[in-house]
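Working notes for the structure below.
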Amino acid sequence: MGPHPAVAAVRVAVRDILRSMNPGDLVLVACSGGADSLALAAATAFEAPRAGVRAGAITIDHGLQPGSTRRAVDLVARLRDDLELDPVEALGVRVGRRGGPEAAARSARYEALDIAAARHQARAVFLGHTLDDQAETVLLGLARGSGARSLAGMPAVIGHFRRPLLGIDRDTTRAACAAQNLATWDDPHNADPAYARARVRHDVLPVLEKALGPGISASLARTARLFRDDADALDAWADRVQGEITLDDGGLDVCALAGLPAAVRRRVLRRTAVSAGSPPGDLFARHVDMVERLVTSWRGQGPINLPGGVEIRRRCGKLLFHRPSQL
């Protein structure tokens, strides 16, 4: 008798990625103890030895809830003793305030995972985001009025991070854990209406499912894949063009910018602003729109000030990107 269908589905998703690894490579699973990451950890523990790959796990203690350290220690023991993952460790992080609580916790978490991956020389870090997480990300991007890159959702691969479960829904990961008698922990933050993602998960998506019928999450995730293909092509175009129109002093040729399709032009402007020191997490579409008007609606207006203290001015047919200290 084979494994439960949910268990099999998660294992297949992991197996597909492990096939690209070399024998002896180390994969670390980022595990919170929730159903998604715990199902991923169990599948990785099962599949990795069969692929000749080593598998470990990392859990992050954000220190935002009472008893978080105790839960992290207990989870480490379960991952090591029950799933036989190695190495396994809990990492405590300090969560700042920049960008709001969700963004600050995410930044601290990824920084810790990067450090752990480097220390253990891991080939990849597996993240437990599911199809439902992808749908929520698309809706959040839509609500912010973001561009195609935001609507493209989370990439399956970025750097050493891998998201094997983007084609698997949350019900499947819960069923996989239940079938394997894996006790899961539900993060209360995931149900806290103070967080935008929680409101989308518990309020917005159920309403859409009721009004439009089942399958909304799958449709949104499919939309993300289509947007990602388009965004990747436009990004590649912008990469090539940026090098061609960047002048010796680092400025951009205004005439060349004006001749570009708007989608490519905005990408070039955003990338140049980030290179000049504007933090990408604080640089929004409205900022890029203001910069673009120096090209498309030039009326002699003064400089544009962006997050990070970057100043952009048009002079002698060029857009110049500087911090005040560089002027």
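Read the figures in this text as sums done on the coordinates, not as results from a lab. Nothing here was measured: the structure is a model prediction, and the numbers come from that model. Glycine gets a Cβ as well: all are built from the backbone with ideal geometry, and neighbour counts include every protein chain shown.
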Table column - 3J(HN,Hα) (Hz), the stretch 226-233, Karplus curve with 6.51, -1.76, 1.60, x for Gly and Pro: 5, 4, 5, 4, 5, 5, 4, 5
Angle check, please: helix 262-276 long axis (alpha carbons) against the longest principal axis of the chain (alpha carbons), in degrees 0 to 90, nearest 10. 80 degrees
Give me the base-10 log of I(q)/I(0) for the stretch 110-176 at each q in 0.24, 0.25 Å⁻¹, Debye formula, one uniform scatterer per Cα, rounded to two decimals. -1.00, -1.02
Charge dipole of the chain about the Cα centre (unit charges at C-beta), most positive-ward option of L166, H322, M1: H322
Mind listing the long-range amide H neighbours of G92? Cut-off is under 5 Å, sequence gap 5 or more, other chains count too, H placed in the peptide plane at 1.01 Å from N. D61
Can you give the Rg to Rh ratio of the stretch 53-157, both from alpha-carbon atoms, with Rh computed by the Kirkwood formula? 1.01
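From largest to smallest, what semi-axes in whole angstrom does the chain give when each is the square root of 5 times an eigenvalue of its alpha carbon gyration tensor? It would help to have the intermediate numbers written out before the result.
Numbers: eigenvalues 332, 93, 79 Å².
Equivalent ellipsoid of the chain: 41, 22, 20 Å, largest first.
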quick shape note, the stretch 181-304: Cα extents on principal axes in Å, largest first -> 62, 32, 28
What are the ³J(HN,Hα) couplings of the stretch 49-56, residue after residue, when phi is run through the Karplus curve with 6.51, -1.76, 1.60 and θ = phi - 60°? Round to Hz, x for glycine and proline. x, 6, 9, x, 10, 7, 9, x
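Which value, in debye to the nearest 20, gives the size of the charge dipole of the chain about its Cα centre, when Lys and Arg are +1 and Asp and Glu are -1 at the Cβ?
Working: 43 positive and 37 negative charges, 178 e Å.
Approximately 860 debye in magnitude.
Report the relative contact order of the chain, percent, no decimals, based on alpha-carbon pairs under 8 angstrom and at least 6 residues apart. Walk me through the numbers on the way to the answer.
Numbers: 493 pairs, mean separation 50.0, N = 327.
Once normalised by length, the contact order is 15 percent.
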Diffing the stretch 295-305: the Karplus 3J(HN,Hα) column from phi (6.51, -1.76, 1.60, θ = phi - 60°), in whole Hz with x for Gly and Pro, holds 9, 8, 9, 6, 10, x, 5, x, x, 9, 9
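For the stretch 1-76, which trypsin sites (Lys or Arg not before Pro) pass both filters: DSSP loop (anything but H, G, I, E, B) and at most 10 other C-beta atoms within 10 Å?
Numbers: sites: R11, R15, R19, R50, R54, R70, R71; in loops: R19.
Sites meeting the loop and neighbour criteria: R19.
Return the Rg/Rh ratio of the stretch 143-182 with Cα-based radii and a Kirkwood Rh. Please list the in-between numbers first.
Working: Rg = 14.5 Å, Rh = 12.6 Å.
Ratio of gyration radius to Kirkwood radius: 1.15.
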